[in-house]
Each structure stands twice: as C-alpha cells, then as structure tokens.
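What follows is a short report on a single structure.
Just so it is clear, none of the values below were taken in a lab; they were calculated from the coordinates. Everything quoted here is computed from the prediction, not taken from an experiment. Note that each Cβ is placed from the backbone with ideal geometry, even for glycine, and that neighbours are counted across all protein chains shown.
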Ligand SMILES: Cc1cc2nc3c(=O)[nH]c(=O)nc-3n(C[C@H](O)[C@H](O)[C@H](O)COP(=O)(O)OP(=O)(O)OC[C@H]3O[C@@H](n4cnc5c(N)ncnc54)[C@H](O)[C@@H]3O)c2cc1C
C-alpha cells in the first residue's frame with residue numbers, strides 16, 4: 001500500500017539529515033530515502049570540522065561565518081555528545097601567509113584570540129607563526145550526527161531511479177509526497193540540475209590512534225583534530241583526478257600523516273581507519289538551496305533566454321534542492337536546512353546568496369549543451 005508524506009528527502013547525508021530534522025520540527029511527516037543508508041556519501045567521510053572562514057570579508061566569508069555561528073549553536077543544543085568544541089587554531093602556511101593574517105584579523109567575525117609562538121609550542125604544535133585561535137570551533141562525529149538527527153524520522157534504504165509528479169504528488173515506487181527535496185550530493189541526475197554545475201571533489205581522511213596530548217584542533221593546509229578518546233583525525237585530501245567513487249586508499253591517509261608531521265609529533269600515530277568520499281560543490285562555492293527551475297519549460301517557452309533574454313522564472317512545483325555544500329557541509333547544513341524548511345512550510349523567500357537561480361541565466365547563455373538553441 002502506498003504511503004503519503006508531506007515531504008520526501010532523497011539523500012541521508014548532512015544536507016538531508018538536517019533538512020529532515022528541521023521539517024519534522026515544523027510538524028511535517030517526513031520520509032528519507034538513501035540508496036546506501038545514512039551518511040554513506042561524502043558526509044560519512046568528513047572530518048566534519050566546524051570552524052570559521054578567514055579572509056578579507058568576502059561575501060562567501062560573511063555567509064560561511066554566519067553559518068558557522070548557527071552550526072555550533074545547533075550542534076551544542078541538539079547533539080552535544082557528537083560535537084567536540086575543542087577550538088581550532090588557524091596557522092599560516094608560510095611567511096607570506098603570516099603577513100596576510102594581520103590583514104584578515106579585522107574580518108574575524110567570530111570570537112577569536114591571537115595564539116603566540118609560545119602558546120603553539122606549549123600545545124606541541126611546531127609552528128613559529130602567530131595564529132588565530134577560534135575557541136567556539138570544533139568537529140562533529142560525522143556519521144553519528146547524521147544518525148542522531150534522523151533517529152526519530154523514517155529512513156528507508158532505497159535507490160530512487162526516477163521521480164514522477166502526478167495529481168500534485170511526487171511518487172517514487174510506493175512512496176508519495178507533496179514535496180520532494182533532492183539532497184543527493186554529487187549525483188544530481190534525477191532532475192535537470194545542469195545549471196547548478198554540481199561537481200564532486202574526491203577526498204580522503206584518516207583516523208589514527210595516538211597517546212599524544214592534543215587538546216585543540218588545528219588547520220594549516222590540512223586539518224589535524226584534537227585527540228578525542230585516543231583518536232586523532234587527519235583530513236583531508238583533494239583528489240581532483242578521481243571522477244567516480246573508488247575504494248579508500250591507505251596511501252592517501254598516510255600522506256596526510258606525513259604532511260601532519262610538520263605540525264605535530266606523529267611518531268606514535270597508527271592508522272586505524274580510512275574514509276573517503278565526494279564533496280559536492282557549486283561553481284561559486286556558495287550552497288545551492290531552494291526551488292528548482294523548470295528547465296525544459298524555460299528553454300521551450302523562452303528560447304531567446306540562450307541569447308540573453310531575462311524572463312521570469314518558472315519553478316517545478318514542490319521540488320527543492322539542498323546541495324553544493326562543498327568542503328563545509330557540516331558548517332553550512334544546519335542554517336541551510338532552516339532556510340529550506342521555512343521556504344517549504346512557510347513559503348518564505350530563500351536568501352538570494354544561496355538560491356540556485358543565480359547560476360541559471362549564465363548557464364543558458366554559455367553552456368555548450370545549449371549551442372544548438374543559440
Ligand atoms: C574527505 C572529506 C572531508 C571533509 N571534511 C569536512 C570538514 O572537515 N568539514 C565540513 O564541514 N565538511 C567536510 N566535508 C564536506 C562534507 O562532507 C560535504 O559537504 C557533505 O558530505 C555534503 O553532504 P550532502 O548531504 O550534500 O551529500 P552526501 O553526504 O554525499 O549525501 C548524498 C546522499 O544521497 C544519496 N543518493 C544519491 N543519489 C541517490 C538516489 N538516486 N537514491 C537514493 N539515494 C541517493 C547518497 O547515497 C548519499 O548518501 C568533507 C568531505 C570529504 C569527502
């Protein structure tokens with residue numbers, strides 16, 4: 001017998017899990033479908049460090065830091081057992097980077113302190129550059145957070161091959177819902193999402209056992225987690241040449257250990273487990289959250305759109321996306337989930353910075369896939 005939900009979410013990564021949690025808190029009946037189970041995509045691989053972005057106040061930095069502030073409050077309030085607020089030290093890479101840090105300081109929107117060479121050395125960190133210490137930052141137990149957020153929500157292991165909308169309801173096999181959210185990470189082929197330019201970047205993280213006392217996490221070119229229960233997380237690689245998921249490689253995790261040896265004493269670190277997965281990013285590094293444009297309708301009705309016309313947008317009824325969280329899924333997801341839940345339940349406008357619409361007109365004008373229409 002078919003069951004009908006208010007919203008079905010495809011994808012049980014951090015995007016799907018936070019969205020399901022937010023919708024359930026607005027009294028929606030929600031079903032989450034995932035072909036491989038909870039946090040089986042990029043989310044399960046994540047070191048899941050939750051820290052601010054540094055820089056000279058770009059719009060992306062401002063949004064990231066707002067999301068960071070929201071995320072750490074969210075994890076502390078919702079699943080404190082799976083968020084370790086160890087603080088994160090941002091360490092300059094070299095002399096040039098160290099000079100930039102003083103220009104970045106006025107744009108540190110979240111609480112921070114300067115960490116001197118002596119303080120770094122006292123923590124066992126081999127760097128002589130003055131650094132930023134963000135005490136509110138930390139890291140999540142990635143899989144546990146996703147599982148916890150979904151613990152009171154129906155989750156079914158099911159691969160969606162096709163989505164159909166009939167009589168105002170979305171249907172996938174026996175499951176039906178008024179609203180559908182695509183939170184499928186780098187695999188975005190259930191609807192025409194080409195204009196969003198979702199792209200995967202493969203990454204590896206390694207968990208190492210160690211007796212080293214390391215109370216704080218740090219990030220330089222890579223992240224080194226604090227020692228939590230005898231485990232230090234090292235992450236992550238960016239393996240652009242990997243286009244399709246493949247088995248995790250110990251060699252990549254061991255490369256991270258080698259890289260970490262310039263920061264900490266890695267002599268007793270022993271590799272316990274390797275994680276790998278795809279981060280799904282957008283072209284401009286901003287998240288992709290909100291309604292999905294009806295691409296076939298727009299191209300058929302307004303062919304001049306490929307030559308620069310700017311008609312109003314027509315959206316697919318009750319179809320939404322949460323994607324493009326890139327290398328900061330655990331930072332962005334809680335705020336994006338709130339924004340999307342308010343859009344779905346209260347019909348609130350989505351923040352223009354994260355609406356995928358921003359990429360549509362340019363895609364129509366520039367994409368080689370539409371050359372024949374120009
Ligand atoms: C090595 C590594 C380290 C990282 N480190 C950090 C970090 O320190 N901090 C941070 O914030 N972020 C980090 N990230 C990024 C973060 O993991 C991603 O931003 C996050 O995974 C995005 O989550 P998502 O839910 O959008 O996608 P995913 O987690 O990829 O979830 C998508 C889900 O959709 C399911 N799915 C897809 N198609 C279908 C279908 N047709 N039917 C059913 N199910 C389907 C998949 O099985 C998958 O479970 C890291 C990522 C990697 C890989």
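Residues that are more than 17 Å from residue 147 (Cβ to Cβ) and touching a helix residue (DSSP H, G or I) at 6+ places or on another chain (Cβ under 9 Å): list the strands (runs of 3 or more DSSP E) wholly contained in the range 1-94 that include at least 3 such residues.
Those strands (runs of 3 or more DSSP E) span 3-10.
How many of the residues in the range 279-305 are surrounded by 20 or more Cβ atoms within 10 Å (Cβ to Cβ) and away from the ligand (no atom under 16 Å from the Cβ)?
Of the residues in that region, 3 qualify.
Identify the residue in the range 120-134 that is without any contact (Cβ under 8 Å) to a residue 60 or more places away in the chain and more than 22 Å from residue 50 (Cα to Cα) and, among all such residues, is nearest to the chain's Cα centre (by Cα).
Out of the qualifying residues, it is 129.
Considering the range 166-187 alone, what residues qualify as being more than 19 Å from residue 322 (Cβ to Cβ) and touching a strand residue (DSSP E or B) at 6+ places or on another chain (Cβ under 8 Å)? Before you say what the answer is, go through the steps one by one.
Kept after step one, since they are more than 19 Å from residue 322 (Cβ to Cβ), are these residues of the range 166-187: 166-169, 171, 173-174, 176.
Listed by number, the residues that qualify are 168, 169, 171, 174, 176.
Starting from the range 26-37, take each residue that is on the phi > 0 side of the Ramachandran plot and list its partners that are within 16 Å of the ligand (Cβ to nearest atom), counting only C-beta distances under 7 angstrom and pairs at least six apart or across chains.
Pairs found: 37/12; 37/157.
Per-residue answers, yes or no, for (1) more than 9 Å from the ligand (Cβ to nearest atom); (2) surrounded by fewer than 24 Cβ atoms within 10 Å (Cβ to Cβ); (3) under 26 Å from residue 233 (Cβ atoms):
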| residue | (1), (2), (3) |
| --- | --- |
| 11 | no, no, yes |
| 15 | no, no, yes |
| 18 | no, no, yes |
| 22 | yes, no, no |
| 29 | yes, yes, no |
| 36 | no, yes, yes |
| 40 | no, yes, yes |
| 43 | no, no, yes |
| 47 | no, no, yes |
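Name, by its number, the condition in (1) away from the ligand (no atom under 15 Å from the Cβ); (2) under 30 Å from residue 72 (Cα atoms); (3) surrounded by 19 or more Cβ atoms within 10 Å (Cβ to Cβ) that does not hold for residue 329.
(1)
Please work out if residue 276 is closer than 23 Å to residue 139 by Cα, touching a strand residue (DSSP E or B) at 6+ places or on another chain (Cβ under 6 Å) and assigned to a loop (DSSP other than H, G, I, E, B).
On the way: closer than 23 Å to residue 139 by Cα: yes; touching a strand residue (DSSP E or B) at 6+ places or on another chain (Cβ under 6 Å): yes; assigned to a loop (DSSP other than H, G, I, E, B): no.
Criteria not met by residue 276.
Restricting attention to the range 142-178, which residues are surrounded by 21 or more Cβ atoms within 10 Å (Cβ to Cβ), under 22 Å from the mean Cα position of the chain (by Cα) and not in a helix (DSSP H, G or I)?
The answer is 150, 155.
Have a look at 52, 59, 92 and point out the one that is more than 11 Å from the ligand (Cβ to nearest atom), closer than 28 Å to residue 198 by Cα and buried (at least 19 other Cβ atoms within 10 Å of the Cβ).
Values: 59 fails: buried (at least 19 other Cβ atoms within 10 Å of the Cβ); 92 fails: closer than 28 Å to residue 198 by Cα.
One residue alone meets the criteria, 52.
Would you confirm, using the coordinates I've provided, whether residue 99 is exposed (fewer than 15 other Cβ atoms within 10 Å of the Cβ), within 20 Å of residue 134 (Cα to Cα) and either touching a helix residue (DSSP H, G or I) at 6+ places or on another chain (Cβ under 7 Å) or free of Cβ contacts under 8 Å to residues at least 12 places away in the same chain (or both)? If you could, list the steps in order and put the result at the bottom.
Values: exposed (fewer than 15 other Cβ atoms within 10 Å of the Cβ): yes; within 20 Å of residue 134 (Cα to Cα): yes; either touching a helix residue (DSSP H, G or I) at 6+ places or on another chain (Cβ under 7 Å) or free of Cβ contacts under 8 Å to residues at least 12 places away in the same chain (or both): yes.
Considered against the rule, which asks whether it is exposed (fewer than 15 other Cβ atoms within 10 Å of the Cβ), within 20 Å of residue 134 (Cα to Cα) and either touching a helix residue (DSSP H, G or I) at 6+ places or on another chain (Cβ under 7 Å) or free of Cβ contacts under 8 Å to residues at least 12 places away in the same chain (or both), residue 99 comes out as yes.
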